[in-house]
Amino acid sequence: MDEQIQQAFDLSGRVAVVTGAGGGIGRQAALTFAGAGATVVIADVLGDRLDETAAALKDTGATVSVVPTDMSRKAEVDALAEAALAHHGRLDVWANVAAILRHNLILDVPEDELDAIISVNLKGVFFGCQAAGRAMVAAGRGSIINIASQGMDHPSPLVGAYALTKAAVAMLTRTVAVELGPQGVRANAVAPGFIPTPMTAYRWNDAEGNVDPERQQAAFDLMSSLVPLRCVGEPLDIALAMLYLASDASKFMTGQVLRPNGGGSMP
Ligand SMILES: NC(=O)c1ccc[n+]([C@@H]2O[C@H](COP(=O)([O-])OP(=O)(O)OC[C@H]3O[C@@H](n4cnc5c(N)ncnc54)[C@H](O)[C@@H]3O)[C@@H](O)[C@H]2O)c1
């Protein structure tokens, strides 16, 4: 491969924080950043799944720090940034991946569910941008990557509360880009289409959490039929878009929303 191209995507010597790293996309993002040479600091509220991600990273020889974090708690998010700086001396990339999905019609969303969705999906990303932004402004460089969703592009029943947080994340991303760009800090978002992960597995898991292959195939067929590319995505499709945004390959890009979604929305 041409050296200039390789260098553009190289994260060697960089430190990347990934939240929601116990999940499907966060785990793959951590593995992909590490595969590009980064030291990764992984965070999630679920300790078991975080440990599984850490084990997968260690198997590849990656340098990894594990920081259990509830993104809805500002003090824990600040502590995550402090841990990255304390352990590794720098903070180059911060990916806000953690989120929760709940299903209810707007008329039926209980207040505590609305609070929970906003706390993780919006306030958690906000706190992440603040903590990362402060460290990156001090260093005069850095890339923040927020995960939105195709759900921000068009209204769908049952996921209204989730979708509004994702639309807000896109606006937050643009504002961070405007405020921190002059200080060398970029902020972009990725809005994935349908990706099989623990978040979407309710479509095919039985009550015990085991995969029902027939329901899984039916879900894949349905979701594929809705997009021009006639397929579902995979976590690596999202992680590679994130690698682009994390690396110097995207050094002229800020305030944008990338949409790896099979063509499911084209606003
Ligand atoms: N899978 C899809 O089809 C899809 C589509 C569009 C957007 N997304 C977005 O992609 C991101 C990753 O989703 P995924 O599909 O990998 O889901 P996932 O459920 O597999 O992963 C999400 C992770 O976030 C963690 N998390 C939840 N609350 C947290 C908190 N308070 N603090 C820290 N961590 C917390 C969970 O424990 C989980 O490990 C999310 O932002 C999601 O909204 C997913």
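The values are calculated or read from the model by the stated rules, or taken from the named source; none is laboratory data. Since the model is a prediction, treat every value here as computed from it, not as a measurement. Because the Cβ atoms are built from the backbone with ideal geometry, glycine has one as well, and the counts that use them run over all protein chains shown. Each accessible area value is taken on the protein alone, full model and side chains, heavy atoms only, with ligands, DNA and RNA left out. Shrake-Rupley method; radii C 1.70, N 1.55, O 1.52, S 1.80 Å.
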* Asked: Tell me, what ³J(HN,Hα) does each residue in region 235-242 have, in order and in whole Hz, if you take phi through Karplus 6.51 cos²θ - 1.76 cosθ + 1.60 with θ = phi - 60° and put x for Gly and Pro?
  -> x, 5, 4, 7, 4, 6, 5, 5
* Provide the per residue accessible area, probe 1.4 Å, for region 120-267, rounded to a whole number of square angstrom. => 47
* Structure fact -> Helix-only [θ] at 222 nm, the chain, -39500 (n - 2.57) per DSSP H run of 4+, per residue, nearest 500, equals -13500 deg cm²/dmol
* To do: Identify the trypsin sites (Lys or Arg not before Pro) of region 197-256 meeting these criteria: DSSP loop state and at most 15 other C-beta atoms within 10 Å of the C-beta.
  => R230, K251
* Highest GNM mean-square fluctuation, the chain, Cα pairs closer than 10 Å: which of A79, A189, A43? -> A79
* Asked: What residues qualify as long-range amide H neighbours of A95, i.e. H under 5 Å apart, gap of 5 or more or another chain, H built at 1.01 Å from N?
  -> V17, V18, T19, I145
* Apportionment of accessible area to carbon and sulfur, region 148-216, percent (1.4 Å) -> 59
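L105 to M1: extension gain in nm, 0.36 nm per residue of separation minus the Cα-Cα distance?
32.4 nm
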* Asked: Among G47, P155, A241, which residue has its Cα positioned farthest towards the positive end of the charge dipole of the chain, with +1 placed on the Cβ of Lys and Arg, -1 on the Cβ of Asp and Glu, and the dipole taken about the Cα centre?
  -> A241
* Loop sites in region 169-223: GluC sites (Glu not before Pro), DSSP, at most 16 other Cβ within 10 Å -> E208
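By average Cβ neighbour count within 10 Å, what is the ranking of 94-100, 160-166 from highest down?
Values: 94-100: 26.7, 160-166: 21.4.
Packing order, densest peptide first, comes out as 94-100, 160-166.
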* Asked: Roughly what angle does helix 74-88 make with the longest principal axis of the chain, taking Cα atoms, 0 to 90 degrees, to the nearest 10?
  -> 50
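Indicate, rounded to the nearest 5 percent, the antiparallel portion of the DSSP beta bridges found entirely in the chain.
5
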* Put one equal scatterer on each alpha carbon of region 160-261, apply the Debye formula with no solvent term, and list log10 I(q)/I(0) at q = 0.25 1/Å to two decimals. => -1.28
* In region 48-127, what percent of the accessible surface is made up of carbon and sulfur (1.4 Å probe, ligands and nucleic acids excluded)? -> 52
* Out of T254, T69, T200, any idea which swings most in a Gaussian network model of the chain, alpha carbons joined below 10 Å? -> T200
* **Proximal lysines to K166, defined as alpha-carbon separation beneath 28 angstrom and excluding residues fewer than eight positions away on the same chain** => K74, K123, K251
* To do: Output the Cα-based Rg and Dmax of region 1-114 in Å, rounding Rg to one decimal and Dmax to a whole number.
  => 16.0, 56
* Structure fact -> The ³J(HN,Hα) series, computed from each phi in region 170-186 with the Karplus coefficients 6.51, -1.76 and 1.60 at θ = phi - 60°, rounded to the nearest Hz and given as x for glycine or proline, is 5, 5, 4, 4, 5, 5, 4, 4, 5, 6, 9, x, x, 9, x, 10, 9
* Dipole magnitude of the chain, debye to nearest 20 (Cβ charges: Lys/Arg +1, Asp/Glu -1, about Cα centre) -> 820
* Structure fact -> Karplus-derived 3J(HN,Hα) from phi for region 57-66 (6.51 cos²θ - 1.76 cosθ + 1.60, θ = phi - 60°), whole Hz, x at Gly and Pro, runs 5, 5, 4, 8, x, 5, 8, 9, 10, 10
